Every structure is written in structure tokens, then in C-alpha cells.
Amino acid sequence: MQVKTWLLILLFFATASCMQREADMELIPGDNFETEADGKSIGLYTLKNANGLVTQITNFGGKIVSLWVPDNNGDLADIVLGYNTIEAYFNSGEEYFGALIGRYGNRIGNARFQLNGATYTLAANDGNNHLHGGIKGFNEVVWNAEQPDSQTLVLTYMSPDMEEGYPGNLEVRVQYRLTDANELNIEYWATTDKPTPVNLTSHSFFNLKGEGNGTITDHLMQINADFYTPVDSGLIPLGTLDPVEDTPLDFRELTAIGERINDDFEQLAFGKGYDHNYVINQTDEDLDFAAKVVEPQSGRVLEVYTNEPGIQFYSGNFLNGSETGKSGNPYRFRDAFCLETQHFPNSPNQENFPSTLLNPGDEYYSVCVYRFGTEK
């Protein structure tokens, strides 16, 4: 009887603690996102796991709007940049916060590529180059949404032939799942009726201190890559794989992001910091370890696993304080980082890079796992 009493007491306090943590979260009301665009309904979908982690995702651009994870003390913080209302996303100068990116994540040089003897011209929305799918990429469309359970969201979209200049009708399905292993698992599938390049990714801007809480240069970064793809001044890969050894781009061991970010190194000057694709050290496993980030003050840890050959590390170099986020604080220079699993930039124009070509009858499949934890 006494043992049962103690078990009930422990259960009570555990439940009370969980309820208190949920009460401490300022989840965004779904009403803030209920509207229509392009004749489709937009909403905000909330996923929760058994450990109290919560993420909110809108089907407008598949954007991860909030992501609450605990620190060493069990205190939850929202660690992704974003906005509280759909209107703010409509009017934002930074349209990629948390977004699904496609048809082609990252850059395509000179906004064109050749395929089967034909030249396809794309929008030049990044200088002379094409970036993240164009003027209205997957980050700006309304996806069909289905939430089969409290931990899963499935988004689908049919990208019509020649949308943003890409050939083929592309059927895309993306599944978000917040697992009880404290992982945000993002899976992508696609099929086409014409050959077309495909390179899908997720563009969350992370700050493990909590969004709006200052610089990420004191975060510790590890990237499991011996090589990277050096770029020209327009951030288009040169076509080579260069070693990270003896360069400021070497993150094979945990290193503060800001330790070498201002070094006199041409690649850093081109990107105003880190904005580079790393060649992941791949194995025969289904998923490879790609990166790890530790925030020393809170103890929050992010690990990234993927089946992709590359990962883009971006250190928030183009944030300038003009955007104010959910916390009411401006998002300033290097207040966030991105880790985007991907094929290499400009692959359609580089025969020696892994191919991004999807043919009829084949299925594109990509997976990115963001795993959260803590370290003392």
C-alpha cells in the first residue's frame, strides 16, 4: 500500500511538472493562421510527443513555425525563428524561415540547366543565379494537409509541368513526425512524368538558446565532413571537392561557430561567414550522422542524420535586424544557423556531382532527422 502511495505521488508530481512546462509554452493560436490563399485553406498544425516536445507547422510553405525543446533543467524554449501570424509570413522579407524548399534547394548557376538537349531557363532571384526553387517555390505554395495522429503531419503538392521553369508534373509528399525519441523526422517522396531535377530540403533557422535570444557564434558545431564544395563569389560551387583540413571550414571536432568565422579566408568573405555545402562522410547505413550542435549555456543539443550526400551550413549572415520574430526581438546578424540536408548546389550543371535527376518510373526519397537532447 505504501509503495502504491509513493508511486501515485511520483505520478502526480510528474504530471504536474509536465502540465507546468506546457503552461510555460506560449503556443501560437491556430486562429492566427486560419485563412485562404490560391483557393486553398491555410492552417496551423500542432504535433506533440510523449516527452512534452511540441512543434507547430503551417501548410503555407510547409513552414515549421515553432519548436519547443527542453534545456538541462527541463525548461522549454522555442528554438526556431518565425512569426506569430500568417500575415507576417505573407509580408516577410525572409520567406524561408522554417520552409520546405523545392523543386531545387540551394542555387543553380546562371539560372539555367540543360537536360536531354534542351535548355531550361529559371528565375534569376539571387543575382544571376536561381535560389531555392524560384520566385514562388515550394516555400510559398499552399500544401494539402492531413494530420493522421497527434505526432504526424503529411503534406502533399502537385507541382505542374514548367512551374518556375522546371519540366514535368511532380507529385510531392512530405511527412513530419515528432517521435518519442525526441526526433523531428522529415521524409520526402516525389514522382514525375518527365525527367526533372529534384532537391528538397527544410530551411529552419535555429537558435538553441531560444529564438530572438542573441548570437549563435558561441554555439559549438561539429560537421561530419572531410570535404566541402568551394564556391565562387556568387556562391556557386566550382565543381571541386576540397579538404576542410587546415581551413576555417574544419568542423570535424566541436568548435565554436564564431572561433574562426572572421578569419581572412576567401570562402568566408564570399558568404559573409559560413554558407557552404559539406560533403558528408557516408557509410553503408541507411542514415549517416551529419552534424551536431551544442549550446553550452542551456545544454541543448541538436544532432542531424540523413541519407543525403551533403549538408549546407549557413550562419545567418544575411539577417540584419529588419525582421522581428515571435519573441518581439529583432533577428540580427548571425542570430541563427541552418543545417539543410541536400544534394550539392548546382548539380544539374556539374556532371561530377551526385545526380539530382528524377526520371519517370523512379521515386525520389530523402530523409532528415533532427534529434534533440541535452548535455551537462
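I'd like to know if segment 156-172 contains one or more residues that are of a type in the set (A, V, I, L, M), touching a strand residue (DSSP E or B) at 6+ places or on another chain (Cβ under 8 Å) and surrounded by fewer than 23 Cβ atoms within 10 Å (Cβ to Cβ). Give the derivation first.
Residues of segment 156-172 of a type in the set (A, V, I, L, M): 158, 162, 170, 172.
So of that shortlist, the ones also touching a strand residue (DSSP E or B) at 6+ places or on another chain (Cβ under 8 Å) come out as 158, 170, 172.
If we keep only those that are surrounded by fewer than 23 Cβ atoms within 10 Å (Cβ to Cβ) too, we end up with 158.
Checking segment 156-172: at least one residue is of a type in the set (A, V, I, L, M), touching a strand residue (DSSP E or B) at 6+ places or on another chain (Cβ under 8 Å) and surrounded by fewer than 23 Cβ atoms within 10 Å (Cβ to Cβ).
For segment 126-144, check the following and say yes or no: at least one residue is over 26 Å from Ser315 (Cβ atoms), in a strand (DSSP E or B) and in contact (Cβ under 8 Å) with a residue 24 or more places away in the chain.
Here is the first cut: in segment 126-144, the residues over 26 Å from Ser315 (Cβ atoms) are 136, 141-144.
Filter again for in a strand (DSSP E or B), leaving 142, 144.
Narrowing the set further to residues that are in contact (Cβ under 8 Å) with a residue 24 or more places away in the chain leaves 142, 144.
Scanning segment 126-144, I find at least one residue that is over 26 Å from Ser315 (Cβ atoms), in a strand (DSSP E or B) and in contact (Cβ under 8 Å) with a residue 24 or more places away in the chain, so the answer is yes.
Specify which of the listed residues (Leu47, Leu100) is in contact with a Leu (Cβ under 6 Å, 6 or more places away or on another chain), closer than 20 Å to Pro148 by Cβ, among the aliphatic types (A, V, I, L, M) and touching a residue at least 40 places away in the same chain (Cβ under 8 Å).
Leu47
Please state which one of Leu67, Leu27 is surrounded by 20 or more Cβ atoms within 10 Å (Cβ to Cβ) and either modelled with pLDDT of 95 or more or not in a helix (DSSP H, G or I) (or both).
Leu67
In segment 219-235, how many are part of a loop (DSSP other than H, G, I, E, B) and over 20 Å from the mean Cα position of the chain (by Cα)? Lay out the reasoning, then the answer.
Pass one, segment 219-235, residues part of a loop (DSSP other than H, G, I, E, B): 219, 224, 229-230, 232-235.
Keeping just the survivors that are over 20 Å from the mean Cα position of the chain (by Cα) gives 230, 232-234.
The qualifying residues number 4.
Within segment 335-355, is there a residue that is closer than 30 Å to Thr192 by Cβ, among the acidic types (Asp, Glu) and more than 21 Å from the chain's Cα centre (by Cα)? Working first, answer last.
Here is the first cut: in segment 335-355, the residues closer than 30 Å to Thr192 by Cβ are 338-355.
Going one step further and asking which of them are among the acidic types (Asp, Glu), we end up with 340, 351.
Now drop any that are not more than 21 Å from the chain's Cα centre (by Cα), which leaves 351.
Yes, that holds for at least one residue.
For segment 189-196, indicate whether the set of residues that are within 21 Å of the chain's Cα centre (by Cα) and part of a strand (DSSP E or B) is non-empty.
Yes, segment 189-196 contains a residue that is within 21 Å of the chain's Cα centre (by Cα) and part of a strand (DSSP E or B).
For the condition under 24 Å from Ser322 (Cβ atoms) and not hydroxyl-bearing (Ser, Thr, Tyr), what is the one hit in Gly109, Gly127?
Gly127
What are the residues in segment 229-288 that are out of contact with any helix residue (DSSP H, G or I) (no Cβ under 8 Å at 6 or more places or on another chain) and among the small types (Gly, Ala, Ser), if any?
Passing the criteria: Gly239, Ala256, Gly258, Ala269, Gly271, Gly273.
Could you grab the pairs with beta carbons closer than 9 Å, sequence gap of 6+ or different chains, first residue in segment 175-189 and at positive phi, second one basic (Lys, Arg) and modelled with pLDDT of 95 or more?
Between residues of segment 175-189 that are at positive phi and residues that are basic (Lys, Arg) and modelled with pLDDT of 95 or more, the close pairs are Asn182/Arg371.
The values are calculated or read from the model by the stated rules, or taken from the named source; none is laboratory data. Owing to the predicted nature of the structure, the values given are computational and were not obtained by experimental measurement. Quick reminder, even Gly has a Cβ in these numbers, built from the backbone with ideal geometry, and neighbours come from all protein chains shown.
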